[in-house]
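Structure first, then comments.
The values are calculated or read from the model by the stated rules, or taken from the named source; none is laboratory data. It should be emphasised that the depicted structure is a prediction, and the values quoted were computed from it without experimental measurement. As a convention, Cβ positions derive from the backbone with ideal geometry for all residues, glycine included, and neighbour counts pool all protein chains shown. Surface areas here come from the heavy atoms of the whole protein model, side chains and all, with no ligands, DNA or RNA. Shrake-Rupley method; radii C 1.70, N 1.55, O 1.52, S 1.80 Å.
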Amino acid sequence: MACQNSDEATKETFHSNYFAYTLEALREHVYSILNDVDQMTMEAQSYDLETHPRVPVIVAHNNLVRDTFSMTASLLDSMG
């Protein structure tokens, strides 16, 4: 209702009360993804390229995901 009624004071109260919880949940999610990507990259690198020729594409994608989520983690860490 606060958004529909443009009640800035109530919106600010909600943000103040729940920001820390939201930030922590996002942090946990981002660091979980980073951990998963590292594990999947290590696994992919263990495959024989003769049998699995697309491994370099998968590893490149994982690196892109890692870089993106690392930047996000830095932003979240700077928030508190």
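Using a probe radius of 1.4 angstrom, the carbon and sulfur fraction of the accessible surface of the chain is 60%. When only C-alpha pairs under 8 Å and at least 6 residues apart count, what is the relative contact order of the chain, in percent? About 33 percent, as a whole number. Each residue of segment 73-79 was assigned a 3J(HN,Hα) from its phi angle through the Karplus expression (A = 6.51, B = -1.76, C = 1.60, θ = phi - 60°), giving 4, 4, 5, 5, 5, 6, 8 Hz with x at Gly and Pro. Annotation for segment 1-30: GluC sites (Glu not before Pro) lying in DSSP loop with at most 16 further Cβ atoms inside 10 Å of their Cβ do not exist. A Förster radius of 22 Å, combined with the Cβ-Cβ distance separating Ser16 from Thr68, puts the computed FRET efficiency at roughly 0.15.
Across q = 0.15 Å⁻¹, the chain modelled as identical point scatterers on its alpha-carbon atoms has Debye log10 I(q)/I(0) values of -0.67, in the order of the q list. Taking R0 as 22 Å, what FRET efficiency do you get between Leu23 and Met1 from their Cβ-Cβ distance, rounded to the nearest 0.05? Efficiency, rounded to the nearest 0.05: 0.35. With +1 on each Lys and Arg Cβ and -1 on each Asp and Glu Cβ, how big is the dipole of the chain about its Cα centre, in debye rounded to the nearest 20? So the magnitude is around 120 debye.
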